[in-house]
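Working notes for the structure below.
The values are calculated or read from the model by the stated rules, or taken from the named source; none is laboratory data. Not measured: the values here are computed from a predicted model. Heads up, the Cβs are rebuilt from the backbone with ideal geometry, glycines too, and the neighbour counts pull from every protein chain shown.
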Amino acid sequence: MNSTITIRTATIEDLPVIHQLAEDIWWPTYRGILSEEQIRFMLDHMYSIEALTHLINKGIIFMLAEDLNTAVAFAGYSISDTDPTLLKVHKLYVQHAEHGKGIGRLLLQYIENESLKAGISKLELNVNRQNKAFDFYKRQGFEIFKEEDIPYYNYWMNDFILRKQLI
């Protein structure tokens, strides 16, 4: 594991960095799973500065993982609207060149610690059923809660809903 990694809460001023990370990470992650048209649509719709600003204003907390002050990963989470004992991890992405260095695990540990401090006992996240990250989440203790095909405009998100019990 790289000891030069720091994790910090992102601010509105960091949204261009998150936007660029999403652009850099989504193409190699989803090419071969989603059409290029769908990737472009999702990036434009979910990771524009306006969309990210809206998410922060809705209460989603973003974090950046930085290696010597250069952002290499990000995550976003919030307490569930329907279950106060559930924390929803909305986003967790690590640059491909940084895979295998423990950065994703550090982000999840940070989120778990914040959850426990707030008295939240379980985490939930969605992962595309064909995304290799599914294996990473299983290694981190997540289990399939259910399978769901979620309509998103003219597209579908074919996801596993994963959960992890913390206490």
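Points worth noting:
- Strands (runs of 3 or more DSSP E) enclosed by the stretch 1-114 - at least 3 residues per element that are surrounded by 14 or more Cβ atoms within 10 Å (Cβ to Cβ) and touching a residue at least 24 places away in the same chain (Cβ under 8 Å): 61-67, 70-79, 86-94
- Residues in the stretch 115-153 that are in a strand (DSSP E or B) and of a type in the set (Phe, Trp, Tyr) were compared, and the one that is farthest from Gln165 (Cα to Cα) is Tyr152.
- The residue list Arg163, Arg129 contains one member that is basic (Lys, Arg), farther than 21 Å from Trp26 by Cβ and under 16 Å from the mean Cα position of the chain (by Cα), which is Arg163.
- Residues of the stretch 106-138 that turn out to be of a type in the set (Lys, Arg) and within 16 Å of Thr82 (Cα to Cα), as a count: 1
- Test: residue in the stretch 98-111 that is polar (S, T, N, Q) and at pLDDT below 95: no
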